[in-house]
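Computed from the coordinates by the stated procedures, all read-outs in this text should not be read as laboratory data. This one's a predicted model, so the numbers in the text were calculated from it and none came from an experiment. Cβ placement follows ideal geometry from the backbone for every residue including glycine, while neighbour counts extend to all protein chains displayed.
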Amino acid sequence: MDTVYKDSTKRNVALLAACQALLFTNNSTLIAINGLAGLALAPYIGLATLPVTFWVLGGAIGTMPASLHMKRVGRQRGLTTGTLWGIVGALICASAIWAQSFWLLCFGTLVFGVYNAYGQYYRFAAADVASGDFKPVAISLVLAGGLVGGILGPTSSRWTIGLLSPKFMAAYLVLIGFAVITMLLLRLIRIPTPSAAEQSAAGRPLREIAAQPKFIVAVLAGAIGYGVMNFLMTSTPIAMQACGHPFGDAAFVISSHVVAMFAPSFFTGRLIRRFGVVPVMLTGAALNLACIGAALAGLAVANFWWSMVLLGVGWNFLYIGGTTLLTDTYRPEERAKAQGANDQTIFIMMVISSFTSGMTVTSAGWERVNLMALPLIALVAAALIWFALRQRTGSAAA
């Protein structure tokens, strides 16, 4: 029975990792082209990253309903529904490029964002089927699937950005194919549908769950880590274009960044098991600070590259660490609202960061973008140090 369970877990984790790869193929493509497509169509230059903001807003709106939907119908059916939002969103975006409509493009990315909201639960689906000891490894292995997306997405956008006229239309149409393949893979996943008792059980109120120090630190690290990453990443293609670097260099930098986000996932879970979750997360905060240092050191392609690579690894440690911490704060019947609240906070932070990123980089410059991220990283580091000291005090008292 134990062997059957392990084989089933490995199968589900592998399939979820493949779905994650396809999700981030789409996401990294959108990261590479949304700001530039917005810049080409926006009535005002400061609105260039608004399509990115609407994409994130779609995730913020969709994340809690997606979590509650999956509690009712199960992971497989819920995640499959998410891919339909991606297909419709990509069609609307392509239509917007054809019609040269900035606001239709924003609406299309909003719809596509709901697909991203569902896709964020791939990592939690892996945690649901894994045992306690294997949980951080399962989470990190699923996120490792994003490594493929980091390579395939920007590469695909380079080939397709000018394939059809108007520019960018083919790049959006290709996203439909990736979503369809994801839908087919999800049909192979075998995660039991929640029982009637699990569907009806409510558990503790969300405010009681959210009052736990571990929950607070997990959500804070995940939200700020993702927000800072999105703030710096969204403005990078625009900043590089302002510096005279060609789109190919920007696509390469973003591709390297996404690879750096997910390549560490092959060992992050094992690092957490060996050294503990808080030290790994503190290392992530330190790497974010190093990323800002590299960005402030110059405007060459190498500076952008090092900045984005360090940012990607730092995000990985904070995000996987925060997800691992979060899974220890709720009971099975509470997972939908706890996970939904966590991801909704992350998406709200991303909405704010993507919108302010465009306004800041176009009005105040790349240096100001990086300086604004510093106090947020300091806050995460302080919260992690406080939590570590609190745990140590509690252990000493016991």
Review point. Hey, of [x] 34, 27, 22; [y] 32, 26, 18; [z] 43, 21, 19, which did the structure itself give for semi-axes √(5λ) of the Cα gyration tensor in Å when calculated?
Key: [y]
Practice item. Name the residue, out of ALA302, ALA260, ALA96, whose mean-square fluctuation peaks in a Gaussian network model built on the chain with Cα pairs under 10 Å. Key: ALA302
Exercise for review: Figure the gain on full extension for LEU289 and TRP159 (residue separation times 0.36 nm, minus the Cα-Cα span) and round it to one decimal in nm.
Suggested key: 43.4 nm
Check your understanding: Tell me, what HN-Hα J-couplings in whole Hz come from the Karplus equation 6.51 cos²θ - 1.76 cosθ + 1.60 at θ = phi - 60° for each residue of the stretch 227-239, using x for Gly and Pro?
Key -> x, 5, 4, 5, 4, 6, 5, 4, 7, 4, x, 5, 5
Review point. What list of ³J(HN,Hα) couplings, whole Hz, do you get for the stretch 159-170 from phi and the Karplus terms 6.51, -1.76, 1.60, once you set θ to phi - 60° and write x for glycine and proline?
Key: 6, 9, 4, x, 5, 10, 10, x, 4, 5, 5, 5
Check your understanding: Just THR29, THR283, THR53 to compare: in a GNM of the chain, with alpha carbon springs under 10 Å, which one fluctuates most?
Key -> THR283
Review point. ARG11 to SER363: extension gain in nm, 0.36 nm per residue of separation minus the Cα-Cα distance?
Key: 121.8 nm
Revision key, fill the gap. Extension length gain for LYS167 and ARG392 (0.36 nm per residue less Cα distance), in nm, is 75.4 nm
Practice item. Obtain the nm distance between the two label points defined at ALA202 and ASP328 by a simple spin-label model: each point lies 7 Å from its Cα along the Cα-to-C-beta direction. Key: 2.9 nm
Check your understanding: Relative contact order for the stretch 80-220 using alpha-carbon pairs under 8 Å, separation at least 6, rounded to a whole percent?
Key -> 27 percent
Review point. How high is the relative contact order of the chain, given as a whole-number percent (alpha carbon pairs under 8 Å, six or more residues apart)?
Key: 26 percent
Revision key, fill the gap. Expected sort for 219-226, 313-320 on mean C-beta neighbours within 10 Å, highest first, is 313-320, 219-226
Check your understanding: Calculated from DSSP H runs of 4 or more alone, at -39500 (n - 2.57) each and per residue, what is the 222 nm mean residue ellipticity of the chain, nearest 500?
Key -> -28500 deg cm²/dmol
